[in-house]
1. Select from segment 185-209 the residues that are modelled with pLDDT of 95 or more and outside any helix (DSSP H, G or I) and write down the one among them that is nearest to the chain's Cα centre (by Cα).
2. Which condition from (1) of a type in the set (A, V, I, L, M, F, W, C); (2) in contact (Cβ under 8 Å) with a residue 60 or more places away in the chain; (3) over 13 Å from Ser122 (Cβ atoms) is the one that Trp175 breaks?
3. Test Leu103 against the stated conditions and say whether it is at pLDDT 95 or above, surrounded by 13 or more Cβ atoms within 10 Å (Cβ to Cβ) and closer than 23 Å to Asn208 by Cα.
4. Does any residue of segment 63-77 turn out to be surrounded by 14 or more Cβ atoms within 10 Å (Cβ to Cβ) and under 24 Å from Gln216 (Cβ atoms)?
5. With the requirement that a residue be under 30 Å from Arg171 (Cβ atoms) and aliphatic (A, V, I, L, M), what does segment 66-111 give you?
6. Out of all the residues in segment 117-135, is one or more of a type in the set (A, V, I, L, M) and over 22 Å from the mean Cα position of the chain (by Cα)?
7. Out of everything in segment 71-116 that is under 17 Å from the mean Cα position of the chain (by Cα) and hydrophobic (A, V, I, L, M, F, W, C), what residue ends up being nearest to Leu184 (Cα to Cα)?
8. Can you confirm whether Lys138 is free of Cβ contacts under 8 Å to residues at least 40 places away in the same chain and not hydrophobic (A, V, I, L, M, F, W, C)?
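The values are calculated or read from the model by the stated rules, or taken from the named source; none is laboratory data. What you see is a predicted model, and the numbers here were worked out from it, not measured in a lab. Glycine also receives a Cβ, built like all others from the backbone with ideal geometry; neighbour counts cover every protein chain displayed.
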Amino acid sequence: MNFRRTLALVALMLMMIRPSWANDLDQVKKNFQQRFPQVPAVSVAKTPVPGIFEVAFGQQIIYTDRGVHYLFVGNLIDAKTRRNLTESRLRQILRVDFSKLPLADAIKVVHGDGKRVLAVFSDPDCPFCKQLEHALQKVPNTTVYTFLYPIDGLHPHASAKARAIWCAPDRAKAWEDHMLKGTLPNEPGSCANPVDRNQELGKKLGVNATPTMILQDGRMVVGFVGADKLEELLAGAATAAHGASSSKKR
């Protein structure tokens, strides 16, 4: 058998194998949605474990068999390398293209030279968001884009406060005054505002808790972190984003 015929045979075999996997993934997704119609499966993928599949939705990964008879919740660890495969996959799935965020719908606050950038989905009545805002005051040279993201189920007055802050003459000052000092602008919040759009954007990105931060390199970080950790995250994100930009130019 000559080399060209061997290549053709290998290509044919690959074409025959790939639909089998595709059919498995389609079947898992179908079975999952039938059993859990209220949970839209964002993606289904194979794992290194034969017969076990990954189902990702929101900010969560679970594992199941082809028939979705059993669910496994937890971390999948490579025993040889000790690598947390679940954590690695979540970082891939939750990565956001920062350049595509609608930053005009966010409140912009600049600290120092503002070279490092950070986006935050924040609820004006969220106590952890207020803690984060205090921490951000200690992190220099950062531009923070805050997407007002009231979670009305937890904080019934948050939407009204978000709109009032957005409609203030100086919304950046109004935001910081509220989060740091507890004051609100004397505004009815009746101006055109992006609150509804922000909530739709958050749902699309899988934001289901506040604060949720999006770093410059696209990583998503959920929950409060202190100033030291913020500094570490921002430095790493800036380095990663610069490296990715340099690679694209080559």
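1. Restricting to residues being modelled with pLDDT of 95 or more and outside any helix (DSSP H, G or I), the top hit is Pro194.
2. Trp175 satisfies all of (1) of a type in the set (A, V, I, L, M, F, W, C); (2) in contact (Cβ under 8 Å) with a residue 60 or more places away in the chain; (3) over 13 Å from Ser122 (Cβ atoms) except (3).
3. In short, yes.
4. Checked against the condition, which is being surrounded by 14 or more Cβ atoms within 10 Å (Cβ to Cβ) and under 24 Å from Gln216 (Cβ atoms), segment 63-77 yields no hits at all.
5. As a first pass, look at segment 66-111 and keep what is under 30 Å from Arg171 (Cβ atoms): 94-111.
Hits for segment 66-111 are Leu94, Val96, Leu101, Leu103, Ala104, Ala106, Ile107, Val109, Val110.
6. no
7. Looking at residues that are under 17 Å from the mean Cα position of the chain (by Cα) and hydrophobic (A, V, I, L, M, F, W, C), I get Ala106.
8. Taking the combined requirement at face value, the residue does not satisfy it.
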